[in-house]
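Engineer: One structure follows; several queries about it will come next.
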Amino acid sequence: SPDRVAVILVDRDGYGDTQVIIAQNGVTVPVEGLPFANSLGMAVTLDRATTEYDMTNGWYLGNFIRWARQLYPVTTTIFSFVGHGAPLTPQLQRLTEGLPDAAPTTTPAPSSTPTSQESISPLPPRWGAHSDFTDYHSASLISLPSLAQALRIGSDNGTNPLTVVDLLHCFSATIEELYEVHPYALIILAAPNYTYAQPTMLGEML
């Protein structure tokens, strides 16, 4: 559809392979660099030196959303968050401190151990993580406070809410997750159990 555009953030399982792709009218165009801002009040610009996002960090995801909405200031915005999920992913040492609206002080580096998350629930039997299109190998999932931080940044503290937040991961319809994200979207789609074993189911559900 020429009147629709998809701004896609993809992170594979290596280091330096985070990429933004813009798809419209049957054409896909890779973007050089990644959206980045040093503070919340700044306009988000592309930083060509940044080649990797920490996908569990709400600051990176929030600024990606802000940048995409700056680029395409449309009336209807759907944010689909596709990935693995657990019923509840804790974030250690930050539950009472809150999440600051400040840029990360360091560029994410390769790691084989989680930084702020504990070990996660296993994937459903017979369904493994795709080695080319996931950072699941690090055993690190985004926490609910970090996801809420991303949506808060991307919606200007809820004053410009997303039309739809489409949570495409298993166990996304927990009261904890819905409570965290509800101020930043008019509509939320979520799944209470394991979900979306076939790629076509993503579009059918939406």
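Engineer: Can you pull out every residue in the stretch 7-31 that is free of Cβ contacts under 8 Å to residues at least 24 places away in the same chain and touching a strand residue (DSSP E or B) at 6+ places or on another chain (Cβ under 7 Å)?
Structural biologist: Scanning the stretch 7-31 gives Ile8, Gln19, Ile21, Ile22, Ala23, Gln24, Thr28, Val29, Pro30, Val31.
Engineer: Further question: What tally of residues in the stretch 14-36 results from selecting those that are surrounded by 16 or more Cβ atoms within 10 Å (Cβ to Cβ) and at pLDDT below 90?
Structural biologist: Number satisfying all stated conditions: 1.
Engineer: Out of everything in the stretch 37-58 that is more than 13 Å from Gln70 (Cβ to Cβ) and touching a helix residue (DSSP H, G or I) at 6+ places or on another chain (Cβ under 8 Å), what residue ends up being surrounded by the fewest Cβ atoms within 10 Å (Cβ to Cβ)?
Structural biologist: Leu40
Engineer: Tell me, please, whether a residue that is charged (D, E, K, R) and under 16 Å from the mean Cα position of the chain (by Cα) can be found in the stretch 159-169.
Structural biologist: yes
Engineer: Still on this structure: Under 8 Å between Cβ atoms, which residue pairs at least 6 apart in sequence (or on different chains) link something in the stretch 168-184 that is outside any loop (DSSP other than H, G, I, E, B) with a partner that is open to solvent by 40 Å² or more (accessible area, probe 1.4 Å) and of a type in the set (Lys, Arg)?
Structural biologist: Within 8 Å, the pairs are Pro183/Arg152; Tyr184/Arg152.
Engineer: Can you tell me how many residues within the stretch 71-86 are of a type in the set (Val, Ile, Thr), assigned to a loop (DSSP other than H, G, I, E, B) and open to solvent by 30 Å² or more (accessible area, probe 1.4 Å)?
Structural biologist: Final tally of qualifying residues: 3.
Engineer: Across the stretch 45-70, what is the total count of residues that are among the polar types (S, T, N, Q), over 13 Å from the mean Cα position of the chain (by Cα) and in a helix (DSSP H, G or I)?
Structural biologist: Counting residues in the stretch 45-70 that are among the polar types (S, T, N, Q), over 13 Å from the mean Cα position of the chain (by Cα) and in a helix (DSSP H, G or I) gives 1.
Engineer: Just to be sure I understand, how many residues within the stretch 132-160 are at pLDDT 90 or above and open to solvent by less than 40 Å² (accessible area, probe 1.4 Å)?
Structural biologist: The qualifying residues number 9.
Engineer: Which residues, counting only those in the stretch 174-188, are hydrophobic (A, V, I, L, M, F, W, C) and open to solvent by 40 Å² or more (accessible area, probe 1.4 Å)?
Structural biologist: Passing the criteria: Ile175, Leu178, Leu186, Ile187, Ile188.
The values are calculated or read from the model by the stated rules, or taken from the named source; none is laboratory data. None of these values were measured; they are calculated from a predicted model. All Cβ positions, even for glycine, are placed from backbone atoms using ideal geometry, and neighbour counts span all protein chains on display. Surface areas here come from the heavy atoms of the whole protein model, side chains and all, with no ligands, DNA or RNA. Shrake-Rupley method; radii C 1.70, N 1.55, O 1.52, S 1.80 Å.
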